[in-house]
Amino acid sequence: MSQNLGRGAYPNTRLRRLRAQDFSRRLVRENQLSCDDLILPLFVIEGRSETQRVASMPGVERLSVDLLANKAKSLQQLGIPAVALFPVVDPSVKSDCASAAHDANGLAQRAVRELKNAVPELGVITDVALDPFTSHGQDGLMDHSGYIVNDETVEVLVQQALSHAAAGADMVAPSDMMDGRIGAIRTALEGAGHSNTLIMSYAAKYASAYYGPFRDAVGSAGNLKGGSKASYQMDPANSDEALHECALDLQEGADMVMVKPGMPYLDIVRRVKEELRVPTFAYQVSGEYAMHCAAFENGWLQREAVILESLLAFKRAGADGILTYFAEEAAQLLQG
Ligand SMILES: NCc1[nH]cc(CCC(=O)O)c1CC(=O)O
Ligand SMILES: [Mg+2]
């Protein structure tokens, strides 16, 4: 009687049988990571043949616009479907009204033209948010009390998105978390004849401390001076609210939604995918990249295996694709 306690169907059922050989592991593998899943974020700067390292993101370089054509060609050859552009402008270009954000000849707009001109097949995604262009480093306009005002910000975001579409962006990605901006941008795009411009909404974007290295990379960290984005980005304690955010943005005209950060929020990815069943993306953000790199550099984690495992985890959680600073390296590993 007590002999069978806890044994289940063993030895008839041995889950290790399928794991014993490579062929059978491959046959029953439930999820796959492929190059088609990868989006590479790119930081763009002014200048000619200029590259700049980002101290807190080892291996990531900001590139001047003229270097984008070659970059685009190699990414295309690696099978990476799209890049996400982040402009890094000189402090002299920043202002309280962030007008440089919608300059038809601004840095992001020129970068889009350069990329689409060089490799038309590579998808170009632009960031719609004001933080690279505001003197205070917040994603929206600030009133006298320091509050980030919603509706006035949305008007500027609409101008920014229109200028990106006019430059040839395939997809605009609002990362600002203002209410109602997806609907306003969608209406404006339709009105301007850009009915096929895609919108990837940073719909469930959390007020996370994992964005630190990104703020170094775009040069907004100093301006922010420890300022918080908690009045517009989501509380990390919330989960139901992410579904509310995603559902609203879809209703307003988003084509796909994103959860951000990534690995600490895979439960949110899973819920969004399961309950809404729409194209769902996740962002393995700068802080995740930085902590992985720190462990690799110390020899504490095995670089190649951990990169691929970390990205496969997004797929298992239900993500259709991942924005990751490892995109290029992962694509190389997947090809090799
Ligand atoms: N609009 C801001 C923006 N767009 C993308 C990121 C973070 C990306 C990363 O950390 O890799 C941020 C940072 C923030 O909200 O402060
Ligand atoms: Mg929202």
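The values are calculated or read from the model by the stated rules, or taken from the named source; none is laboratory data. Values in this document were obtained by computation on a predicted structure and should not be read as measured data. For neighbour counting, all protein chains shown are included, and Cβ atoms are generated from backbone atoms with ideal geometry for every residue, glycine included.
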Which of the helices (runs of 4 or more DSSP H) contained wholly in region 143-221 include at least 1 residues that are within 16 Å of ligand 2 (Cβ to nearest atom)? 150-167, 181-191
What are the residues in region 274-289 that are within 16 Å of ligand 1 (Cβ to nearest atom) and out of contact with any helix residue (DSSP H, G or I) (no Cβ under 6 Å at 6 or more places or on another chain), if any? Phe281, Tyr283, Gln284, Tyr289
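Residue-wise test of (1) among the basic types (Lys, Arg); (2) away from ligand 1 (no atom under 13 Å from the Cβ); (3) farther than 30 Å from Pro58 by Cα.
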| position | (1), (2), (3) |
| --- | --- |
| Asn150 | no, yes, yes |
| Val154 | no, yes, yes |
| His164 | no, yes, no |
| Ala167 | no, yes, yes |
| Met177 | no, no, no |
| Gly183 | no, yes, yes |
| Arg186 | yes, yes, yes |
| Leu189 | no, yes, yes |
| Tyr206 | no, no, no |
Hand me the list of helices (runs of 4 or more DSSP H) wholly inside region 5-120 holding 2 or more residues that are out of contact with any Phe, Trp or Tyr (no Cβ under 8 Å at 6 or more places or on another chain), surrounded by fewer than 14 Cβ atoms within 10 Å (Cβ to Cβ) and at pLDDT 95 or above. 22-27, 68-78
Taking region 237-266 on its own, how many of its residues are more than 16 Å from ligand 2 (Cβ to nearest atom) and not in a helix (DSSP H, G or I)? 3
Scan region 174-187 and report the pairs whose first residue is on the phi > 0 side of the Ramachandran plot and whose second residue is in a loop (DSSP other than H, G, I, E, B) and within 15 Å of ligand 1 (Cβ to nearest atom), with Cβ atoms within less than 9 Å and a gap of 6+ or a chain change. Met177/Ala129; Met177/Asp139; Met177/Gly140; Met177/Ala207; Met177/Lys229; Met177/Tyr232; Met177/Gln233
Of the residues that make up region 287-296, is at least one within 17 Å of the chain's Cα centre (by Cα), under 26 Å from Arg186 (Cα atoms) and touching a residue at least 12 places away in the same chain (Cβ under 8 Å)? no
Selection status of Leu130, within 21 Å of Gly222 (Cβ to Cβ), modelled with pLDDT of 95 or more and either aliphatic (A, V, I, L, M) or not in a loop (DSSP other than H, G, I, E, B) (or both): yes
Considering every residue within region 222-231, establish whether at least one is more than 18 Å from the chain's Cα centre (by Cα), outside any helix (DSSP H, G or I), among the charged types (D, E, K, R) and surrounded by fewer than 22 Cβ atoms within 10 Å (Cβ to Cβ). yes
Of the residues in region 64-95, those that are of a type in the set (Ser, Thr, Tyr) and either closer than 14 Å to Val119 by Cβ or touching a strand residue (DSSP E or B) at 6+ places or on another chain (Cβ under 7 Å) (or both) come to Ser64, Ser74
Could you list, in sequence order, all residues of region 304-328 that are of a type in the set (D, E, K, R) and in contact (Cβ under 8 Å) with a residue 40 or more places away in the chain? Lys315, Arg316, Asp320, Glu328
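Listed here are the residues, each with its yes/no results for (1) modelled with pLDDT of 95 or more; (2) within 16 Å of ligand 1 (Cβ to nearest atom); (3) buried (at least 24 other Cβ atoms within 10 Å of the Cβ).
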| site | (1), (2), (3) |
| --- | --- |
| Leu248 | yes, no, no |
| Met263 | yes, yes, no |
| Val272 | yes, no, yes |
| Ala294 | yes, yes, no |
| Glu304 | yes, no, no |
| Glu309 | yes, no, no |
| Phe314 | yes, yes, yes |
